[in-house]
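Enquirer: Structure in structure tokens, see below.
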Amino acid sequence: MAPLPSTLPSSYSRITLRERPKAAIDPKLDGSGTFQLERGVKMFSQDEVKPGEAVIKVEWVSIDPAMRGWLNPTRSYVPPVAIGAPMRALAVGRVVLVPKTERTVEGGNDKSAPFMEPLKVGDWVTGVAGWAEYAKLPAKDLQKIQIDKDISPTYYLGALGMTGQTAYWGIHDVGKIKPGETVVVSGAAGAVGSIACQLAKIHGCKVVAIAGGKDKCRWLKEDLGIETVLDYKDADFKKKFREIGYLDVYFDNVGGDILDMCLTRLNKGARIARDAYNDPNPKGLQAYLNLISQRAKIEGFIVFDYADRYHIAAEEMARYIRDGRLKLRETHANGLEECVDALVGLFAGKNQGKMLVKIADDGAKL
């Protein structure tokens, strides 16, 4: 882990939104694509950091399916990324600059007592930053995190961050899994799907994982211990899916034909949890009448709705990581300029587990 710079550079780089894509993202960074690479952006000065703010050196950013939706100028659970603004992303980083502020005490200003900021230089934090080497953010929007030999900083963008929270609450609060039930997870080799599979397994469910490609299916079966793994690319996939019987919970990460297929295999009282994902041309459901006959339900959810309970999921999953029951895999890209290709690669299925970009000069290319 590289040490923090003793002095901040005079400028930094960032990637901003140049134009809204009508369909697929154009990954070129030469001024003609969806995004624009900006170099030589003036670094924040001490005078620009106001009380309640902090400047962080961004170490890692998360690449998530929801990011595609953030580019659309439509009503959603968060405002769209503005044209000319850095691309929004969850990040982990280290505090490099905080304001110099004095504390006001009852009876006057005590010059000898410095104000104790909740964050100090060197602290590891996580929050919504962006595709940039440095970011100035409200301190209240940054969460201090603890790193040790078992817990990597990147885990706060995966199992201990929004990814893990999405899997946890989708499985437990929306899916309401019970031991012995059959739980089907699509996109099972992805960041959310792989955690959802393991949580269901830990809680005594029969898990059916759906993924694409032999390598991903082998990882799910051999490394994660998921007993039933189906490759949707196989010619006999639908036949094998019917052979599993009926399902009690479906954690949907893909929609489309697989969602429709699951609607035909519902047990009475089945629950379907739908996470947010990108599909510029969503297909209408055909088998939805099965929801009526089986008294089943399909429920969409947004992970931010569980913010006041994040600590419950994080503490539980940290225990699973430490005792080896929750296994994590990450796909790394290196360097700010790789962010766009990583996002495009996410939708092309190039990741196993969590897709991350190291905003620095070390790491592995995609």
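Enquirer: Just from its helices, what would the mean residue ellipticity at 222 nm be for the chain, if runs of 4 or more DSSP H residues each count -39500 (n - 2.57) and the sum is divided by every residue, rounded to the nearest 500 deg cm²/dmol?
Expert: Only helices count here, giving -5000 deg cm²/dmol.
Enquirer: Keeping every protein chain in place, order Lys216, Lys50, Lys140 by accessible area at 1.4 Å, biggest value first, i.e. largest first. Intermediate results must be reported in sequence, preceding the final value.
Expert: Details: Lys216 35, Lys50 105, Lys140 170 Å².
If we order Lys216, Lys50, Lys140 from most to least accessible, we get Lys140, Lys50, Lys216.
Enquirer: A further question on this structure: Once you order the gyration tensor axes a ≥ b ≥ c over the Cα atoms, which shape class does the stretch 162-305 get: rounded for a/c under 1.5, otherwise prolate or oblate by comparing a/b with b/c? Before the final figure, lay out each step's value.
Expert: Numbers: a/c = 1.23, a/b = 1.09, b/c = 1.12.
Rounded.
Enquirer: Compute the distance from the alpha-carbon center of the stretch 293-319 to that of the stretch 15-45, in whole Å.
Expert: If we compute the Cα centre of each part, the gap is 34 Å.
Enquirer: Ok, one more. Which order do Glu19, Glu243 take when ranked by solvent-accessible area (1.4 Å probe, heavy atoms of all protein chains), largest first?
Expert: Heavy-atom accessible area, descending, gives Glu243, Glu19.
Enquirer: Apply the Karplus curve 6.51 cos²θ - 1.76 cosθ + 1.60, θ = phi - 60°, to the phi angles in the stretch 206-220 and return the couplings in whole Hz, x for Gly and Pro.
Expert: 7, 9, 10, 9, 10, 8, x, x, 5, 5, 5, 5, 5, 4, 4
Enquirer: Sticking with this structure for a sec: For the pair Val128/Lys176, report the inter-label distance in nm, with labels modelled 7 Å from Cα in the Cβ direction.
Expert: Distance between label points: 3.0 nm.
Enquirer: Starting at the first residue of the stretch 88-96, write each ³J(HN,Hα) from the Karplus equation 6.51 cos²θ - 1.76 cosθ + 1.60 with θ = phi - 60°, in whole Hz, x for Gly and Pro.
Expert: Along the stretch 88-96, the couplings run 5, 7, 6, 9, 10, x, 10, 5, 10 Hz.
Enquirer: In sequence order, what are the phi-derived ³J(HN,Hα) couplings for the stretch 73-82 according to the Karplus relation 6.51 cos²θ - 1.76 cosθ + 1.60 with θ = phi - 60°, rounded to whole Hz, with x for glycine and proline?
Expert: x, 10, 5, 8, 7, 9, x, x, 5, 6
Enquirer: Follow-up. Determine how large the accessible area of Met355 is when every protein chain is in place; take a 1.4 Å probe and give Å² rounded to the nearest 10.
Expert: 0 Å²
Enquirer: Skipping prolines and chain starts, which residues have an amide H placed within reach, meaning under 5 Å, of the one on Thr34, given they are 5 or more residues away or on another chain?
Expert: Asp26, Lys28
Enquirer: In Å², and per residue, what accessible area does the chain have when probed at 1.4 Å with the other protein chains present?
Expert: Accessible surface, normalised per residue, equals 48 Å².
Enquirer: Let me spell out the model: positive unit charges on the Cβ of Lys and Arg, negative unit charges on the Cβ of Asp and Glu, origin at the Cα centre of the stretch 1-67. What dipole size does that give, in debye rounded to 20?
Expert: Details: 9 positive and 9 negative charges, 33 e Å.
The calculation lands at about 160 debye.
Enquirer: Another one. Probe radius 1.4 Å, ligands and nucleic acids ignored: give me the carbon and sulfur share of the accessible area of the chain as a rounded percent.
Expert: 51 percent
Enquirer: Using a Gaussian network model on the chain with a 10 Å cutoff between Cα atoms, which of Gly245, Gly122, Gly225 fluctuates the most?
Expert: Gly245
Enquirer: Show the residues, 5+ positions off or on another chain, whose built amide H is closer than 5 Å to the amide H of Leu266.
Expert: Under 5 Å from the amide H of Leu266 lie the amide H atoms of Leu247, each far enough along the sequence or on another chain.
The values are calculated or read from the model by the stated rules, or taken from the named source; none is laboratory data. Everything numeric here is computed off the predicted structure, so don't read it as measured data. Note: ideal-geometry Cβ built from the backbone for every residue, glycine included; neighbour counts use all protein chains shown. These accessible areas exclude ligands, DNA and RNA; they are computed on the full protein's heavy atoms, side chains included. Shrake-Rupley method; radii C 1.70, N 1.55, O 1.52, S 1.80 Å.
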